[in-house]
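First comes the structure, then the notes that go with it.
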Amino acid sequence: MDEKNSDQPVVKIIGRSDSARAYAIRDFLTRGDIPFEWVELKADEQARQYGVTGLNDPRLPVGICPNGTRIENPTIRQIAERLGWYHNPSQAEYDLAIYGAGPAGLSAAVYGSSEGLKTVLIERSVVGGQAGTSSKIENYLGFPDGISGADLAKRARDQACRFGTEILMLREGVRGEFEPGKGTGYLADGTKIVAHATICATGVRYRKLGLENEDAFYGVGVYYGAGASEAQLCSNQHVFVIGGGNSAGQAAIYFAKFARKVTIVIRGDCLRRTLSQYLVDRIHSSPNIEVLSRTEVIALHGDHVLHSITLRNNLTGEEETFETRWLFLCLGGEPQTDWARDVGICRDSDGYLVTGPDLSLGGIRAQNWPLERSPYYLETSMPGLFAAGDVRHGSVKRCASAVGEGAMAVTFVHRYLTSA
């Protein structure tokens, strides 16, 4: 893979293409918009040039920094530490804690910290969320030529940090406790975050196919999201993209620049029902993109890597197996809000957080809301806890709307802090 941009690579990653650990590192660096060089090992002799015994050496993958230092079989956390991205919270208490660093969380961080709130942003993975995996976002206001999700996330991250936001990466909230004027979030590593107001912007996690061997093939043939880090490795390959949303369409167009053939698989009868028209037009005008409608994946085949998939046409019942090592799933997502259920915060039947006026529709306010005033527009059934972006019931699943909700949530945070 070439360098991601004209900047000097921050790190060189050496490894095998059929390594899930190597994929995870490439994906992390790509989504973080970090320049890197990828060296794919294809023979034992080549591997020995980099100080390992061969392709099966457990020290692979190897990371080499510009100063010559190396790190063997590194975890994502070790990579983040080397980049200076992993650190502990600096404050015992914050004005505002934001969980999730996708477009909604980043927007809330920019507006919160720029308006004087002592703000901490907690992200379980890398800044950008699912939007950060997009090869290009073309319908976001102000970027007529489009912008990659990683670049947009990096700009927002830099902007938030310039205003004083503290970002804690690779940290996941697992439990919350709330009392008047104060919320306490407990992270998976035992860290405790105390804040006077909280915004949940955790988005959704990728939905899976639910097939046998799916987890075993993750990173070695099965990928979730648009797979921007893998596109240049698909040269002359047959790539399958599953899903009919904008992220799937944009991924297919991007892969078509490198792959021999790209097949989009959808359960519906056509793309126009779920895809923006400009993407539909580009897909139909691309000679190496085909669309299989009313079709789904029913089986995955391989040993330690994916070798082929079986598709079924749900109209005819016909099944066919295709050889491929590249299956990208863009199936939408599911909210991870079990923590909210555990503390009695209102969710809808799919697990999304219910906010504002929607709380009154089912009599929720009369039963659970403890204050005389009505909930603010983006406020959950717990005073001082707000939700923004895809995790919220009734949200519009678009980058621009998530950014708007993040900014709007901060306005209501100010009202809450003033009245608390």
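The values are calculated or read from the model by the stated rules, or taken from the named source; none is laboratory data. None of these values were measured; they are calculated from a predicted model. Virtual Cβ from ideal backbone geometry, glycine too; neighbours counted across all protein chains shown.
Being surrounded by 24 or more Cβ atoms within 10 Å (Cβ to Cβ) and closer than 17 Å to ASN246 by Cβ is the requirement here; does ALA131 meet it?
So ALA131 passes the test.
Scan the stretch 307-329 and give yes if some residue there is under 19 Å from ARG392 (Cβ atoms) and not aliphatic (A, V, I, L, M), otherwise no.
No, that holds for no residue.
Considering only the stretch 287-305, state which residues are assigned to a loop (DSSP other than H, G, I, E, B) and either surrounded by 15 or more Cβ atoms within 10 Å (Cβ to Cβ) or in the same structural domain as TYR140 (by TED's automatic domain parsing) (or both).
Selection gives ASN288, SER293, ARG294, VAL305.
As an exercise: evaluate LEU209 against (1) closer than 16 Å to VAL297 by Cα; (2) in the same structural domain as VAL262 (by TED's automatic domain parsing) and give the number of the one condition it does not meet.
So LEU209 meets the others, but not (2).
Specify which of the listed residues (ALA340, ALA259) is under 26 Å from the mean Cα position of the chain (by Cα), over 30 Å from GLY185 (Cα atoms) and either part of a loop (DSSP other than H, G, I, E, B) or of a type in the set (A, V, I, L, M, F, W, C) (or both).
Checking each option against the conditions leaves just ALA259.
For the stretch 58-70, how many residues are more than 14 Å from PHE36 (Cβ to Cβ) and buried (at least 19 other Cβ atoms within 10 Å of the Cβ)?
1
Check LEU292, LEU300, LEU306, LEU359 and return the single one that is aliphatic (A, V, I, L, M), over 22 Å from ASN246 (Cα atoms) and free of Cβ contacts under 8 Å to residues at least 60 places away in the same chain.
Step by step, each of LEU292, LEU300, LEU306, LEU359 is checked, and only LEU359 is aliphatic (A, V, I, L, M), over 22 Å from ASN246 (Cα atoms) and free of Cβ contacts under 8 Å to residues at least 60 places away in the same chain.
Please enumerate the residues belonging to the stretch 77-120 that are of a type in the set (Val, Ile, Thr) and either modelled with pLDDT of 95 or more or in contact with a His (Cβ under 6 Å, 6 or more places away or on another chain) (or both).
Those that are of a type in the set (Val, Ile, Thr) and either modelled with pLDDT of 95 or more or in contact with a His (Cβ under 6 Å, 6 or more places away or on another chain) (or both): ILE98, VAL110, THR119, VAL120.
Take the residues of the stretch 14-45 that are assigned to a helix (DSSP H, G or I) and among the acidic types (Asp, Glu): which is surrounded by the fewest Cβ atoms within 10 Å (Cβ to Cβ)? Before the answer, list the steps.
So in the stretch 14-45, the residues assigned to a helix (DSSP H, G or I) come out as 20-31, 44-45.
Those still in the list that are among the acidic types (Asp, Glu) too: 27, 44-45.
Details: ASP27: 23, ASP44: 13, GLU45: 10.
So, considering only residues that are assigned to a helix (DSSP H, G or I) and among the acidic types (Asp, Glu), the one surrounded by the fewest Cβ atoms within 10 Å (Cβ to Cβ) is GLU45.
Got at least one residue in the stretch 15-22 being over 24 Å from GLY132 (Cα atoms), of a type in the set (S, T, N, Q) and modelled with pLDDT of 95 or more?
no
Any residue at all in the stretch 307-330 that is within 30 Å of ALA201 (Cβ to Cβ) and out of contact with any helix residue (DSSP H, G or I) (no Cβ under 8 Å at 6 or more places or on another chain)? Don't jump to the end; show me each part of the working.
Residues of the stretch 307-330 that are within 30 Å of ALA201 (Cβ to Cβ), as a first pass: 327-330.
This time we only want the ones that are out of contact with any helix residue (DSSP H, G or I) (no Cβ under 8 Å at 6 or more places or on another chain), so: 327, 329.
Scanning the stretch 307-330 turns up at least one residue that is within 30 Å of ALA201 (Cβ to Cβ) and out of contact with any helix residue (DSSP H, G or I) (no Cβ under 8 Å at 6 or more places or on another chain).
Restricting attention to the stretch 56-74, which residues are modelled with pLDDT of 95 or more and in a loop (DSSP other than H, G, I, E, B)?
Listed by number, the residues that qualify are ASN56, ASP57, PRO58, ARG59, LEU60, PRO61, ASN73, PRO74.
Give ALA109, ALA80 a once-over and let me know the one that is surrounded by fewer than 23 Cβ atoms within 10 Å (Cβ to Cβ), more than 14 Å from the chain's Cα centre (by Cα) and assigned to a helix (DSSP H, G or I). Please lay out each step first, then the result.
Numbers: ALA109 fails: surrounded by fewer than 23 Cβ atoms within 10 Å (Cβ to Cβ).
The conditions single out ALA80.
Out of (1) within 24 Å of ALA131 (Cβ to Cβ); (2) outside any loop (DSSP other than H, G, I, E, B), the odd one out for THR355 is which?
THR355 satisfies every listed condition except (2).
Determine, yes or no, whether GLY146 is on the phi > 0 side of the Ramachandran plot and either touching an Asp or Glu at 6+ places or on another chain (Cβ under 6 Å) or crowded, with 17+ Cβ neighbours inside 10 Å (or both).
When the stated conditions are applied, GLY146 passes them.
Filter the stretch 348-371 down to residues that are among the small types (Gly, Ala, Ser) and either loosely packed, with under 15 Cβ neighbours inside 10 Å or out of contact with any Phe, Trp or Tyr (no Cβ under 6 Å at 6 or more places or on another chain) (or both) and give me whichever is modelled with the highest pLDDT.
GLY351
Within the stretch 180-211, how many residues turn out to be within 21 Å of GLY112 (Cβ to Cβ) and either out of contact with any His (no Cβ under 8 Å at 6 or more places or on another chain) or assigned to a loop (DSSP other than H, G, I, E, B) (or both)?
Quick first cut of the stretch 180-211, residues within 21 Å of GLY112 (Cβ to Cβ) only: 180-185, 187, 191-203.
Among the residues that remain, those that are also either out of contact with any His (no Cβ under 8 Å at 6 or more places or on another chain) or assigned to a loop (DSSP other than H, G, I, E, B) (or both) are: 180-181, 184-185, 187, 191-203.
Selection size over the stretch 180-211: 18.
As an exercise: evaluate GLU230 against (1) of a type in the set (Asp, Glu); (2) surrounded by 14 or more Cβ atoms within 10 Å (Cβ to Cβ); (3) modelled with pLDDT of 95 or more; (4) under 18 Å from the mean Cα position of the chain (by Cα) and give the number of the one condition it does not meet.
Tallying (1) of a type in the set (Asp, Glu); (2) surrounded by 14 or more Cβ atoms within 10 Å (Cβ to Cβ); (3) modelled with pLDDT of 95 or more; (4) under 18 Å from the mean Cα position of the chain (by Cα), GLU230 fails exactly one: (3).
For the subset of the stretch 53-78 comprising residues that are touching a residue at least 24 places away in the same chain (Cβ under 8 Å) and in contact with a strand residue (DSSP E or B) (Cβ under 7 Å, 6 or more places away or on another chain), which member is nearest to GLU230 (Cα to Cα)?
PRO61
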